[in-house]
Amino acid sequence: MPELPEVEVVRSGLEPAVAGAAVVAVEVLDPRALTRHPGTAADFEGRLAGRAITAAVRRGKFLWLPLDDGADEAIVGHLGMSGQLLLRSVDAPRERHERIRMVVDHPSHGELAVVFADQRTFGSLAVDALVPTGDGAAGGRGSAAPLVASQAAHIARDPLDPAFRPDAFVRALARSRSAVKRVLLDQTVVSGIGNIYADEALWAARVHPETSASAVSTRTANRLLAEVRAVLQKALAEGGTSFDAQYVNVNGQAGYFAHSLHAYGRQGQSCDRCGRPLVREAFANRGSHYCPRCQRRQ
DNA sequence: CTTCCCCCCTGTAAGC
DNA sequence: TGCTTACAGGGGGGAA
């Protein structure tokens, strides 16, 4: 469920607490939270002890915390479906689905616990190498360094990244033989979009999710991209979308964007534009929510 | 190469 | 009432 706006809320909340802080203790409570870490839990703990964090960086739905000792390494994280990164006092009780706890010492804030909790365990943390970006631009939001966590290097930049290439997005649509919604969800074409914001952007742009990507005109593709940016920015300003207790910011608080949804989860309710009932259709092991009147299949 | 399906997992809710 | 089943979905691996 966390998509770009939710992960950015987490990144910006983490940044002031961890940038400049040193890792003083790491506790892995569930090794399933390290599925993307190449070593053991003990290896993860050992690699982090005593190291300083310099920033909190995000590209798409990936987050990483660069480590400051010239080794070009970072703690890389993905929240998956239900991952949370929470800031707690060091004596705070365990979270319900706590998987990893890192205690950091910040020069002005003192000691804080960074807790990774994850109900469905699709998320994970890892110690990862930082590699140069292909285009020389900053790796993501939160750092000017032209470095990206290797586990996030294969995904495209996200639509809020100043180095994002709209022309490449438009070309990828034209080349694809898939449905337009599939391309929106393809993180190697454009990152940060999940099922919620794909449906919202398609509704706003009046594009049917099953429209063949190659049938989308350049003009429509640019309108769709503009709607993607608009919905991501609005959701970010409202603190993200929360349907259940799974998405929260670093203080455990829910966002408000669920009140602003026009399509996602609104099957059976009337379209905010034309009044006709919205529908939900099976789509790639998920669901698509759209207005059959406003979003005609091309 | 591109595209597609299925699996990983847990809590909630619907169905019998 | 209580059990079983379906569903939600990000990403990756492997099959077609």
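Summary of values
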| quantity | calculated |
| --- | --- |
| Filtered residues of the range A:153-166 (kept if away from DNA strand C (no atom under 16 Å from the Cβ) and either open to solvent by 60 Å² or more (accessible area, probe 1.4 Å) or of a type in the set (S, T, N, Q) (or both)) | A:Pro162, A:Arg165 |
| Residue satisfying condition, being within 30 Å of A:Tyr197 (Cβ to Cβ), open to solvent by 30 Å² or more (accessible area, probe 1.4 Å) and in contact with a strand residue (DSSP E or B) (Cβ under 6 Å, 6 or more places away or on another chain), within set A:Arg59, A:Arg36, A:Arg47 | A:Arg36 |
| Residues satisfying the stated conditions in the range A:131-149, i.e. within 16 Å of DNA strand C (Cβ to nearest atom) and under 26 Å from A:Pro16 (Cβ atoms) | A:Gly139, A:Gly140, A:Arg141, A:Val148, A:Ala149 |
| Which listed residue, of A:Ala254, A:Ala263, A:Ala282, is within 16 Å of DNA strand B (Cβ to nearest atom) and in a loop (DSSP other than H, G, I, E, B) | A:Ala254 |
| Residues (under 22 Å from A:Ala263 (Cα atoms) and either touching a Pro at 6+ places or on another chain (Cβ under 7 Å) or basic (Lys, Arg) (or both)) located in the range A:162-191 | A:Ala179, A:Val180, A:Lys181, A:Arg182, A:Val190 |
| Verdict on A:Val115 being within 16 Å of DNA strand C (Cβ to nearest atom) and either in contact with an Asp or Glu (Cβ under 7 Å, 6 or more places away or on another chain) or open to solvent by less than 60 Å² (accessible area, probe 1.4 Å) (or both) | no |
| Test result for A:Ser124, of a type in the set (S, T, N, Q), open to solvent by less than 20 Å² (accessible area, probe 1.4 Å) and under 22 Å from A:Val9 (Cα atoms) | yes |
| Among (1) farther than 21 Å from A:Val57 by Cα; (2) within 16 Å of DNA strand B (Cβ to nearest atom); (3) at pLDDT 95 or above - the single one A:Val190 does not satisfy | (1) |
| Whichever residue in the range A:239-255 is open to solvent by 50 Å² or more (accessible area, probe 1.4 Å) and in contact with a helix residue (DSSP H, G or I) (Cβ under 9 Å, 6 or more places away or on another chain) and, among such residues, is farthest from A:Leu185 (Cα to Cα) | A:Asn251 |
| Members of the range A:256-282 found to be aromatic (Phe, Trp, Tyr) and within 16 Å of DNA strand C (Cβ to nearest atom), listed by number | A:Phe257, A:Tyr264 |
| Test for A:Val216: is it touching a Ser or Thr at 6+ places or on another chain (Cβ under 9 Å), open to solvent by less than 50 Å² (accessible area, probe 1.4 Å), assigned by TED's automatic domain parsing to the domain that holds A:Leu278 and more than 19 Å from A:Tyr264 (Cα to Cα) | no |
| Selection from the range A:167-182 of residues that are among the small types (Gly, Ala, Ser) and either under 25 Å from A:Ser124 (Cβ atoms) or open to solvent by 30 Å² or more (accessible area, probe 1.4 Å) (or both) | A:Ala168, A:Ala174, A:Ser178 |
| Unique residue being open to solvent by 10 Å² or more (accessible area, probe 1.4 Å), closer than 18 Å to A:Gly142 by Cβ, within 16 Å of DNA strand C (Cβ to nearest atom) and part of a strand (DSSP E or B) when the list is A:Leu65, A:Leu85 | A:Leu85 |
| Tabulated pairs, the range A:213-237, first part of a helix (DSSP H, G or I), second open to solvent by less than 70 Å² (accessible area, probe 1.4 Å) and of a type in the set (D, E, K, R), C-beta under 6 angstrom, 6+ apart or interchain | A:Val231/A:Glu200; A:Leu236/A:Glu8 |
| So A:Glu98, is it within 16 Å of DNA strand B (Cβ to nearest atom) and surrounded by 19 or more Cβ atoms within 10 Å (Cβ to Cβ) | yes |
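The values are calculated or read from the model by the stated rules, or taken from the named source; none is laboratory data. Quick caveat: nothing in here was measured; it's all calculated off a predicted structure. Heads up, the Cβs are rebuilt from the backbone with ideal geometry, glycines too, and the neighbour counts pull from every protein chain shown. For the accessible areas, the whole protein counts, side chains as well, though only heavy atoms, and no ligand, DNA or RNA atoms are used. Shrake-Rupley method; radii C 1.70, N 1.55, O 1.52, S 1.80 Å.
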